[in-house]
Amino acid sequence: MSQNQRPNYTFALIVVFIVCFLIGFITTMNNSMIEFCKNAFQLNNFQSQLVNSAFYGAYIMSIPFGFMMSKIGYKSTLVLGLAVVGVGFVINYLCISGNLDGDVSTTYWMFLACMFVVALGIVMLQLVANPYVMVLGSPEKGAFRMTLSQALNSVATTVAPIFILSVILNGKDAKDAVPGDIPMPYLGLGIFTLVLCAILFFLKLPNINEEEQAAEASGKEKHYKSSVFKYPHVWLGALAIFMYMGIEIGIPSMLAGYFEANKQLPGQATDYLWLYWGGMMVGRFVGAAVLSKFQPRAILTVCLVCGAACVGVSFFLSGMAAVYAMLAAGLFHSVMWPLIFNLGLQELGPHTKAASGIINLGVIGAATLTPIMGMVVDTPALGIGVAICMMFIYYAYVLWFCNWGSKVGLSKN
């Protein structure tokens, strides 16, 4: 197919960008609920981190969902994911509103179960969004499109903490949070998602053949291995996402514990979360422009070093200066997800959908690493400082994957 005959994927990209916004909003809203849940349901640090476990634990289904997407295609997975998200929010409304006078512990477990259902839908949407953005256009611009989609995703992540403060808390202090604050906002989100699902059901989206597209880009037919499981860089990429989730989610998840350990700090952690996600938003827009001029590996390396430096500097500062140093890391965390994902999806052709499921499996890092960090915080001999130091291990592995692990098993062109 000639350049003039190349399909126009603009509308399809707009649809996927809307989905990216929804993914970012719901994911960050969930993480921002940690301090809310800790007070509303009377939890310790470990128990409050189960909000992350319930949500990100759903990514254990990434591989089965990836193979499902290979069978039913992008659009069907997109519509099904939106339907599951919408139903999960509606169930959450019904369960919590019907148990407001019951045991607070039971209500919390019901909340977690419902958010797990919502997260199953988000996993499906995540599986669609990443490879779809990669293939909706020329392969050489894949990292650029993915970073741009994540920039729009970050607009949602910046809005989500504000949504918690203004809609769910409705101007109250987080210490005064109660389970009854949850049902109505979640019902509204459920209705919105189901309406979007209905609209997309009737829209025509293009079918993509990744193998033909890759052959077209290279000007020759490519030969791929018989199974996605034979590509080591895919598995190493999944582990990189696993570690990255400890980086991205680690700071906002630990911020409430940091404020609790430093009671002289003004306000509450929720008041400052938007700065972290706002930094990621700015970083992704800047990254989308920078990626057109520099190699992805070089950008990822610089961001990893600078992000780790921000966290390290915070240990030498005190008061709000230390908080702002940690929050500044969000600026450099911004482009890590799309760049890691892009490196993990190289040279896969027809295996792209299944590989997306494998790499997305790494998101369970947020379900496991943050509760472990919460346990460290709850241990008097360790505390919040040791928990934050664990992030340097995560940075180190992603740096290795960026410069060495992502090249394992790739053909030499």
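The values are calculated or read from the model by the stated rules, or taken from the named source; none is laboratory data. Everything quoted here is computed from the prediction, not taken from an experiment. All Cβ positions, glycine included, derive from the backbone under ideal geometry; neighbour counts span all protein chains shown. Accessible surface is based on the protein model in full, side chains and every heavy atom, while ligands, DNA and RNA are left aside. Shrake-Rupley method; radii C 1.70, N 1.55, O 1.52, S 1.80 Å.
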For the stretch 253-394, accessible area per residue (1.4 Å probe, heavy atoms of protein chains only), Å²:
36 Å²
State to the nearest 20 debye the size of the charge dipole of the chain about its Cα centre, where the only charges are +1 on K and R beta carbons and -1 on D and E beta carbons.
1180 debye
Per residue, how much accessible surface does the stretch 32-121 expose to a 1.4 Å probe? Answer in Å², no decimals.
36 Å²
How do the peptides 86-98, 354-366, 234-246 rank, highest first, by the average count of neighbouring beta carbon atoms within 10 Å per residue?
354-366, 234-246, 86-98
Of 293/407; 353/407; 75/175; 75/172; 204/407; 71/230, which sit over 31 Å apart, Cα to Cα?
75/175; 75/172; 204/407
I need the peptides 48-54, 265-271, 333-339 ranked by packing, meaning the mean over residues of other C-beta atoms within 10 angstrom, with the highest value on top.
333-339, 48-54, 265-271
Can you figure out the FRET efficiency of residue 293 with residue 116, using R₀ = 51 Å and their beta-carbon distance, to the nearest 0.05?
0.75
The stretch 301-413, accessible surface, carbon-and-sulfur percent (1.4 angstrom probe)
74 percent
Dividing the alpha-carbon Rg of the chain by 2.2 N^0.38 Å yields what?
0.96
Give me the distance in nm between label points sitting 7 Å out from Cα along the Cα-to-Cβ direction at residue 301 and residue 317, one decimal.
2.7 nm
Leaving out ligands, DNA and RNA, and with a 1.4 Å probe, what % of the accessible surface on the stretch 33-149 is carbon or sulfur?
65 percent
Under the 7 Å Cα-to-Cβ spin-label approximation, residue 407 and residue 393 lie apart by a distance in nanometres of 2.7 nm
Top to bottom by accessible area (1.4 Å), largest first, where do 326, 184, 61 land?
184, 61, 326
When the helix-only estimate is applied to the chain (DSSP H runs of n ≥ 4, each -39,500 (n - 2.57), divided by the residue count), what is the mean residue ellipticity at 222 nm, nearest 500 deg cm²/dmol?
-23500 deg cm²/dmol
Taking R0 as 25 Å, what FRET efficiency do you get between residue 162 and residue 191 from their Cβ-Cβ distance, rounded to the nearest 0.05?
0.75
Quick one: length gained pulling residue 175 to residue 106 fully straight, 0.36 nm per residue minus the C-alpha distance?
22.8 nm
